[in-house]
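One structure below.
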Amino acid sequence: MNRKFLSTTIFYLAVVGIALVVLFPFLWMLSSSFKTQVDIIAWPPKILFAPTIQNYQKVFGEQDFLKYFMNSTIVGVAAVGLSLVLGLPAAYSIARFNQKKLAVFILLARLMPGISFLMPWYIVFSRLELMDSYTALILSHMLIALPIVIWIMSSYFGTIPREMEESAMVDGATRQYAFWKIILPLSGPGVITATTLAFIFSWNNFLFSQVLSMEKTKTLPIAVYNFLSYAEVDWGGVMAAACAIMAPAIILTMIFQKYVVKGLTMGAVKG
Amino acid sequence: MMQSGFAERNLQRLFPLPAVIFVAMLMVFPVLYTSYLSFTNWNLTSGMPATFVGWRSYARVLTEPRFVNALVRTFIFTFFAVAIEGICGVAAALVLHRAFVGKSLAKLLLLLPLVATPVAIGIVFNLFYDPTIGLANFVLTSLGLPPGLWISNDKSVIPSLILVDVWQWTPMITLIVLAGLAGLSDEPIEAARIDGASEAQIIRWVTIPMVMPVILTALILRLIDALKTFDIIFAMTGGGPGYASETLNIMGYKYSFEYFRMGQSAVILVVLFLVVFTCSLGIMKLRTASEI
Amino acid sequence: MKKLVRNIVVLSCSLCLCVSATVRAQQKEIRVLLANHPYGELLKSAIPEFESATGIKVNAESLQESQLTTKLTTEFATSSSSVDVFMTRPLQEGKMFYKNGWYEPLGAYDFSDYPKNVMSVATFGTKAYIVPLVTEWQVLYYRKDLLAGAGIKVPATFDDLEAAAKKLNSENIAGMASRGKGAAAVTQLSSYVYNYGGQYLDKGVAVFDSKPAVDAIRFYGKLLGTYGPKGVTSMSWENIMPLFQAGKIAMWTDASVFYGQIIDPAKTQLGADKVGIANFPAGPKTDSPFIVTSWGMAVAKQSKKKDLAMKFIEWATSKELAAKGMLANITMARSSVWEDKAVLAKVNPGLVETRAFAAKNGYPLDRPYMSAVGEARDLIGELIIDSINTKGASPNLEKMAKERVEKVNELLQDTGEYGK
């Protein structure tokens with residue numbers, strides 16, 4: 001009994017250790033977001049301080065946070081959603097038909113440095129008059145999300161035994177049907193991981209959003225730079241903006257997580 | 001259910017088709033454009049239009065010591081960052097791969113560094129790393145250790161940047177590997193346990209080999225991004241002090257938007273692309289080998 | 001199936017086009033790009049007045065300075081721009097933008113209220129292309145309390161400066177701070193170089209390897225290497241400012257724009273009584289700090305609505321708005337607002353004094369004035385870092401300076417600006 005207790009304790013200590021390392025900068029950012037500029041740069045660092053909400057007031061009031069949030073959400077959801085529609089079938093095909101060259105081709109999109117897309121895309125999108133809409137942003141974010149979805153899901157589909165759909169096909173179902181009804185439901189964890197990561201990458205993307213967005217379609221990461229002025233760095237504002245940007249993403253992924261747990265426990269068809 | 005035989009037979013073409021069309025549409029023009037630019041001497045500061053100069057831009061860039069240094073630095077940064085992230089990430093995944101109280105909370109906390117906007121993190125870490133009023137030195141001196149210069153010194157800047165990168169991206173490896181571990185079948189592990197193998201042996205000889213394809217998947221994804229790391233370096237040092245933290249991507253940005261040498265910048269980006277491509281191919285071959 | 005997919009793709013593309021086209025109805029609308037600058041903020045808040053007065057809708061975007069350049073360059077270089085009016089930095093991008101034909105000549109604008117030396121960087125050939133907005137000049141910020149406590153007078157010469165830095169330097173407080181981060185430091189070094197009798201460029205030829213210039217670089221390196229804050233070679237103003245505000249720096253040379261920040265009680269515990277602003281100290285040769293036009297406004301040549309753009313720029317650079325800017329402690333370029341007693345009464349006296357001095361004696365450039373200025377700044381920056389790292393004693397400095405001068409001259413030749 002003692003041994004088990006010891007190993008469990010060590011386990012929990014390790015988990016707490018990991019959690020602290022992960023959390024430390026956030027805790028600092030969060031506490032700084034409630035400090036005045038004076039307190040943030042104080043030395044020695046202040047642990048006790050008089051909190052203020054003026055930073056958040058600036059973020060939500062002056063900086064039109066809601067608009068940025070809506071834009072990031074629209075672009076992210078659309079980009080990831082479309083990437084799933086295009087990517088899941090492609091990933092399945094790569095996994096089952098061993099289409100290595102295809103995998104490499106899709107991955108190529110991820111290999112190019114972002115800067116090299118800026119000018120060519122600007123030419124195309126502005127000629128097509130797509131600049132003032134979400135289309136340009138969504139398309140550019142899809143180029144980020146799609147390879148992630150395909151890359152993770154092709155590997156994940158590979159771990160699902162072929163017998164799953166083959167037994168159904170023997171019974172007369174087509175491969176598409178088997179994909180739709182059997183493989184996809186089993187892919188919960190993989191899809192969630194791919195979706196979460198793709199969404200995060202889209203959410204945090206700075207370069208494309210900065211150049212391809214117009215006033216109406218600006219996304220959240222731009223908001224952080226609003227606090228970096230020509231002659232001023234508003235540390236409190238930066239911290240508050242950073243926290244505000246992360247909060248929705250965290251909440252969204254929290255909701256996502258609950259869905260998966262529910263889905264999996266409601267009876268997966270596992271042979 | 002009636003399905004056309006055509007669809008069934010050609011599924012391997014139809015399923016990927018939309019994705020392929022999409023990628024081709026968005027990628028073809030930029031690839032052609034950048035390649036074309038790399039063969040010109042287009043320099044906005046001269047006010048003259050681009051003229052075709054063949055390999056001359058390549059010759060100019062590739063022979064410059066600053067370029068070679070950036071290339072080497074890109075490799076060093078990437079190699080160490082990804083290696084550390086791989087080891088820590090897999091270790092963390094193994095630790096967390098069991099049912100325990102607070103597992104969903106732990107997974108959520110793990111997501112946080114990933115969710116943090118890299119640009120914001122860079123700015124925040126700048127303050128953190130300040131040698132005089134930064135929290136990093138405060139922690140060090142409180143523990144009785146000597147304070148460091150972090151990103152202000154050309155010898156410690158790369159390790160300091162790697163630290164930030166490791167903090168931010170290790171969770172991604174952990175999450176992907178965790179999902180992979182969750183999909184493993186229990187039989188081989190149970191069998192080994194029954195055979196009397198210790199936990200360490202099981203991990204080393206059964207679990208890890210089984211999940212290796214997933215680990216490599218995660219590493220490839222991470223490698224590609226690490227080679228192109230931009231946001232944190234840009235936000236924290238801009239390539240400095242001097243050129244001490246200048247990687248290929250940063251140099252490409254500088255040449256594009258600070259020196260306005262579009263032709264030469266395209267050369268740098270082409271080289272970066274080739275580097276990323278070659279490294280990815282290398283690891284992908286590893287992945288195929290391990291899938292057997 | 002293939003046909004269906006292709007049809008869907010074509011259909012969605014055309015749908016997108018239709019939607020955007022109908023949205024883009026012909027309205028009186030302009031697109032303005034501003035910088036994250038106090039004046040940009042002021043404009044943004046005043047834009048509704050302009051809109052209701054003229055019926056022109058203004059789509060204003062503000063960006064941080066390097067992103068502004070990235071965006072403008074991407075748009076202009078690909079001839080796909082929809083920008084009508086934008087803020088611009090005459091000294092950093094003026095020449096390059098002019099060369100590429102991105103500025104619209106402003107023949108109809110009345111420039112009489114702007115001093116000649118300010119207009120020198122806004123004019124190319126015989127036409128003016130930029131309306132100057134704000135100026136800044138080099139000053140010395142110092143801790144009144146620390147100087148008083150050590151019985152030192154405000155440094156008036158470089159020797160005074162060094163002596164004061166030595167006396168005030170301690171374990172906890174850096175005696176002297178100035179930018180050390182390579183390219184960013186070039187603008188601050190300029191005043192030191194001028195006061196030693198040197199220059200960056202002389203009539204289109206690089207001359208910063210002259211003895212006076214190298215002496216200045218050595219002095220700069222000695223000051224910062226010995227009395228500067230830790231890690232100064234990677235510090236620009238955004239790193240030094242929090243240190244100063246936290247009370248860790250005794251003296252700081254930089255541009256005048258930061259004064260408001262460092263006496264703002266919300267940002268620093270120091271307070272206006274502890275922080276002083278003084279003229280930049282004199283050097284061995286002369287007393288000529290820089291006074292430059294840091295930002296201006298221009299109309300994009302590619303604009304399709306030039307008449308609307310002109311209306312906007314006339315309003316945005318008007319005397320009324322300039323006066324408003326002055327009251328917000330933004331140091332505007334127009335001469336008239338600096339002669340308006342009512343306005344001056346509200347502006348910080350320290351700024352008024354130091355400006356008067358700089359306007360009389362100062363030099364209108366703070367960097368090599370050339371198209372390839374970004375690269376030139378990096379090259380000169382290497383000298384600065386080397387000097388700081390060796391506390392000014394570097395044996396290689398002359399040789400390095402000569403090599404950098406050659407490179408800069410090459411740049412000048414490549415762009416056809418050599419000797420002009």
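The values are calculated or read from the model by the stated rules, or taken from the named source; none is laboratory data. Since this is a predicted model, take the numbers as computed values, not measurements. Don't worry about glycine lacking a Cβ; one is built from the backbone with ideal geometry, like all the others, and counts go over all protein chains shown.
Looking at B:GLY242, is it surrounded by fewer than 23 Cβ atoms within 10 Å (Cβ to Cβ) and either touching a residue at least 40 places away in the same chain (Cβ under 8 Å) or at negative phi (or both)? Yes: the conditions hold for B:GLY242.
For the stretch C:389-404, the criterion of being within 17 Å of C:VAL193 (Cβ to Cβ), within 21 Å of the chain's Cα centre (by Cα) and outside the structural domain of C:VAL121 (by TED's automatic domain parsing) is met by none of the residues. Note on the stretch C:382-420: residues that are within 10 Å of C:ILE217 (Cα to Cα), crowded, with 20+ Cβ neighbours inside 10 Å and within 13 Å of chain B (Cβ to nearest Cβ) total 5.
Quickly run through the stretch B:265-281 and pick out the residues that are within 14 Å of the chain's Cα centre (by Cα) and either among the acidic types (Asp, Glu) or within 8 Å of chain A (Cβ to nearest Cβ) (or both). Once the filter is applied, which keeps residues that are within 14 Å of the chain's Cα centre (by Cα) and either among the acidic types (Asp, Glu) or within 8 Å of chain A (Cβ to nearest Cβ) (or both), the stretch B:265-281 yields B:LEU272, B:PHE273, B:VAL276, B:PHE277, B:SER280. Only residues that are of a type in the set (Val, Ile, Thr) and either within 10 Å of chain C (Cβ to nearest Cβ) or within 16 Å of B:ASP165 (Cα to Cα) (or both) were counted in the stretch B:128-152, giving 3. Being under 30 Å from B:TYR259 (Cβ atoms) and either assigned by TED's automatic domain parsing to the domain that holds C:LYS407 or of a type in the set (A, V, I, L, M, F, W, C) (or both) is a property that C:VAL343 lacks.
Is the stretch C:280-288 home to any residue that is outside the structural domain of C:ILE30 (by TED's automatic domain parsing) and of a type in the set (Phe, Trp, Tyr)? Yes; the residues of the stretch C:280-288 include at least one that is outside the structural domain of C:ILE30 (by TED's automatic domain parsing) and of a type in the set (Phe, Trp, Tyr).
For every residue, the table says whether it meets (1) in a helix (DSSP H, G or I); (2) surrounded by fewer than 23 Cβ atoms within 10 Å (Cβ to Cβ); (3) touching a Ser or Thr at 6+ places or on another chain (Cβ under 6 Å).
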position: B:ILE84; (1), (2), (3): yes, yes, no
position: B:CYS88; (1), (2), (3): yes, yes, yes
position: B:ALA92; (1), (2), (3): yes, no, yes
position: B:VAL139; (1), (2), (3): yes, yes, no
position: B:PRO146; (1), (2), (3): no, yes, no
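Do we have C:ALA309 as in contact with a Ser or Thr (Cβ under 8 Å, 6 or more places away or on another chain) and not assigned by TED's automatic domain parsing to the domain that holds C:VAL154 here? So C:ALA309 fits the description; yes. The set of residues in the stretch A:35-62 that are within 14 Å of chain C (Cβ to nearest Cβ), buried (at least 20 other Cβ atoms within 10 Å of the Cβ) and either touching a strand residue (DSSP E or B) at 6+ places or on another chain (Cβ under 7 Å) or in contact (Cβ under 8 Å) with a residue 60 or more places away in the chain (or both) comprises A:LYS35, A:THR36, A:GLN37, A:ILE40, A:ILE41, A:ASN55. For the stretch C:383-420, a residue qualifies if it is touching a Lys or Arg at 6+ places or on another chain (Cβ under 7 Å) and assigned to a helix (DSSP H, G or I), and the qualifying residues are C:LEU383, C:SER387, C:LEU397. Cβ-Cβ distances below 7 Å connect the following pairs, each with a first residue in the stretch C:37-55 that is touching a residue at least 60 places away in the same chain (Cβ under 8 Å), a second residue that is surrounded by 10 or more Cβ atoms within 10 Å (Cβ to Cβ) and small (Gly, Ala, Ser), and a separation of six or more residues or different chains: C:HIS37/A:SER229; C:PRO38/C:ALA328; C:TYR39/C:GLY325; C:LEU42/C:GLY325; C:LEU42/C:ALA328; C:LEU43/C:ALA316.
Candidates are the residues of the stretch C:39-50 that are under 21 Å from C:SER294 (Cα atoms) and surrounded by fewer than 20 Cβ atoms within 10 Å (Cβ to Cβ); the one that is farthest from the other protein chains (Cβ to nearest Cβ) is C:LEU42. Scanning the stretch C:30-57 for residues that are in contact with a Lys or Arg (Cβ under 8 Å, 6 or more places away or on another chain) and outside any loop (DSSP other than H, G, I, E, B) yields C:ILE30, C:LEU33, C:LEU34, C:LEU42, C:ALA46, C:GLU51, C:THR54, C:LYS57. In the stretch C:256-283, the residues that are without any contact (Cβ under 8 Å) to a residue 40 or more places away in the chain reach residues that are among the acidic types (Asp, Glu) with C-beta atoms within less than 6 angstrom, at least six apart or across chains, in these pairs: C:GLN261/A:GLU232. B:ASP165 falls short of the stated requirement of being within 14 Å of chain C (Cβ to nearest Cβ), acidic (Asp, Glu) and under 26 Å from the mean Cα position of the chain (by Cα).
Exactly one residue among A:SER7, A:SER72, A:SER32 is loosely packed, with under 15 Cβ neighbours inside 10 Å and part of a helix (DSSP H, G or I), and that residue is A:SER7.
Applying the condition of being outside any helix (DSSP H, G or I) and more than 7 Å from chain A (Cβ to nearest Cβ) to the stretch B:101-127 and asking which residue is surrounded by the most Cβ atoms within 10 Å (Cβ to Cβ) yields B:GLY102.
B:VAL61: within 26 Å of the chain's Cα centre (by Cα), closer than 26 Å to A:ARG110 by Cα and crowded, with 18+ Cβ neighbours inside 10 Å, yes or no? The answer is yes for B:VAL61.
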